[in-house]
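Here's the structure we're looking at; comments come further down.
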């Protein structure tokens with residue numbers, strides 16, 4: 001009988017394949033025993049795991065009793081928290097963003113719409129007052145417009161179905177991660193306020209506070225709780241993106 005020409009190649013290949021014990025060392029996380037801390041609590045636990053692997057070979061993957069692979073990434077509590085966060089972000093469109101007191105002793109607050117209109121109308125004047133003042137106004141406008149839009153986006157993704165759970169998490173991660181943008185914009189406004197500038201005719205506006213110059217003190221005096229709420233909610237949403 002003629003010798004099978006492929007037989008020597010198969011024997012050589014079989015000789016190179018790892019032994020059964022070596023394969024279970026890979027499965028049992030014993031690949032680099034000197035370079036990693038001990039994985040198993042005891043030798044007995046490792047042996048029990050290997051026995052389960054051998055018993056279930058070809059039919060299932062045996063795992064430890066608890067695995068983070070099975071931990072639920074998006075729980076109902078997470079959904080509720082993100083829902084409330086998104087609703088509050090949308091609600092910033094109903095909050096005061098600017099507050100001030102006149103020389104007549106009257107306190108005023110500009111809500112979202114009035115404050116946004118004032119910033120848009122005075123944007124050219126702000127840039128004429130200096131790059132720092134203009135960029136501060138531009139960042140504030142982006143925050144005011146972006147907050148409600150991002151809140152609506154999060155709600156839309158959070159309560160609509162996706163083809164797979166992984167697709168849902170990937171789709172949700174995009175908007176909630178953008179929550180960090182409001183933190184960055186708020187920090188940029190604060191830094192630019194330290195640079196400051198002089199707004200033409202600012203002292204004739206009839207305000208007790210702020211004074212004639214725009215600076216960090218002016219910013220903290222004029223800012224109502226709207227921007228602070230938006231930054232806080234943005235961070236709450238963005239932190240969850242790290243789990244997805």
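Can you spot a residue in the range 159-167 that is touching a strand residue (DSSP E or B) at 6+ places or on another chain (Cβ under 8 Å) and assigned to a helix (DSSP H, G or I)?
no
Test of understanding: among 142, 116, which residue is under 21 Å from the mean Cα position of the chain (by Cα), assigned by TED's automatic domain parsing to the domain that holds residue 231 and assigned to a helix (DSSP H, G or I)?
Residue meeting the stated conditions: 142.
Output yes when any residue across the range 127-138 is more than 30 Å from residue 73 (Cα to Cα), loosely packed, with under 15 Cβ neighbours inside 10 Å and in the same structural domain as residue 233 (by TED's automatic domain parsing), and no when none is.
The answer is yes; a qualifying residue exists.
When residue 147 is evaluated against the numbered criteria (1) crowded, with 19+ Cβ neighbours inside 10 Å; (2) more than 29 Å from residue 109 (Cα to Cα); (3) at pLDDT 90 or above, which criterion, by number, is the only one it fails?
Status for residue 147: all satisfied but (2).
The values are calculated or read from the model by the stated rules, or taken from the named source; none is laboratory data. Please read all numbers here as calculations on a predicted model, not as lab measurements. Glycine also receives a Cβ, built like all others from the backbone with ideal geometry; neighbour counts cover every protein chain displayed.
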